[in-house]
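Below is one structure, written out as structure tokens; the observations come after it.
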Amino acid sequence: METVIKTRNLSKRFNETVALDSCSFTIKKGEVFGYLGPSGAGKTTTIKLLSGQLHSDQGEIEVLGKSPFDETIKEKIGIMSDNSGLYEKATVYDNLKLFAEIYRLPAERIDQVLHDVGLYEEKKKSVEKLSKGMKQRLIFARTILHGPKLLFLDEPTANLDPSTAEEVRDLIRQMKENGTTVFLTTHNMEEADEMCDRIALLNKGHIIECGSPYELKLKYAKKQVQVTSNMGKESLTLAKSALIDYLQKCEEIIMIHSIEPSLKEVFLTLTEEGR
Ligand SMILES: Nc1ncnc2c1ncn2[C@@H]1O[C@H](COP(=O)(O)OP(=O)(O)O)[C@@H](O)[C@H]1O
Ligand SMILES: [Mg+2]
């Protein structure tokens, strides 16, 4: 499959602060790639490097086969970060019109995107009258207005209530369905687990693991089951002989549950190891 982003040994410092240290990863076309890490881990810095907003100190970056500073890249990528920059007094439509003009897009494109994000009915409303979810969808509409092939979403669901966050996730799913590649940063492990094809776990500028959520959970799983029997509830490791011994001692087995590790546990395990 086509490679959309490729980095090798990417590093960035701000004076004494090491924001990123030798990060390497590859993202394929159509993937939702989760970039996970606590505050200060280096997520936003990575997006700025990948989108040509910042120069790296070291390392290589290829975005859509080019340097992020290539003039043709800007029209192929969309960036959504926390500084909304919406004009509160202007209408939904006029907010987008401004960007349509910058990108020299036909006016019909605005209506099309408004339909896509479910804001068409709101097009004449001023932004200050919109709900938080609608505003977030408008920011999303602006991000995808020019039809980017690659999206950088910097914590798009941070500080949102659960239903607004779900609205944003629906839009991301929609983008994935039409083949857009998504670079998604989040510190919400459950969200990453649900949304992402692959994730990189970032801590203090280092990528400490990379893989599909399933692979990572399997790799760091405690591999336990919980058995409820006439003898009560017991957590057992999946060692065959111990498990058989225990089951033979029970008169009645009521339930057996596998204990699924969460990505959060994986992350805590890895960071506690002090890597
Ligand atoms: N412009 C800057 N000047 C100085 N330090 C910065 C700057 N931008 C980021 N940093 C530092 O780099 C580190 C990574 O920051 P950032 O990429 O914003 O993390 P995240 O987005 O994961 O919260 C932090 O220690 C942060 O304080
Ligand atoms: Mg950030």
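The values are calculated or read from the model by the stated rules, or taken from the named source; none is laboratory data. Note that the coordinates shown come from a computational prediction; the quantities given were computed from them, not determined experimentally. So basically every Cβ, Gly included, is an ideal-geometry build from the backbone, and we count neighbours across all protein chains shown. What goes into the accessible areas is simple: the full protein's heavy atoms, side chains included, and nothing from ligands, DNA or RNA. Shrake-Rupley method; radii C 1.70, N 1.55, O 1.52, S 1.80 Å.
Observations on the structure shown:
- Loop exposure criterion: GluC sites (Glu not before Pro), DSSP state outside H, G, I, E and B, at most 11 other Cβ atoms within 10 Å. Applied to the chain, the longest stretch between such sites is 72-250.
- Placing His206, His115 in order of accessible area, with the largest value first and a 1.4 Å probe, yields His115, His206.
- For the chain, the per residue solvent-accessible surface stands at 54 Å², with DNA, RNA and ligands left out and a 1.4 Å probe.
- Cβ-Cβ distance of Lys123 and Arg173, R₀ of 25 Å, FRET efficiency by 1/(1 + (r/R0)^6): the value works out to about 0.60.
- Sorting Thr26, Thr17, Thr185 by accessible area puts them as Thr17, Thr26, Thr185; the probe is 1.4 Å, largest comes first, and only protein heavy atoms count.
- Cα centroid separation, the stretch 1-67 to the stretch 107-160: 26 Å.
- Helical content alone sets the calculated 222 nm signal of the chain at -10000 deg cm²/dmol, taking -39,500 (n - 2.57) per DSSP H segment of four or more residues and averaging over every residue.
- Of the whole protein surface, Cys210 contributes about 50 Å² of accessible area at a 1.4 Å probe radius.
- Above-threshold pairs, the threshold being 23 Å between Cα atoms, out of Lys6/Lys29; Lys6/Lys217; Lys74/Lys97: Lys6/Lys217
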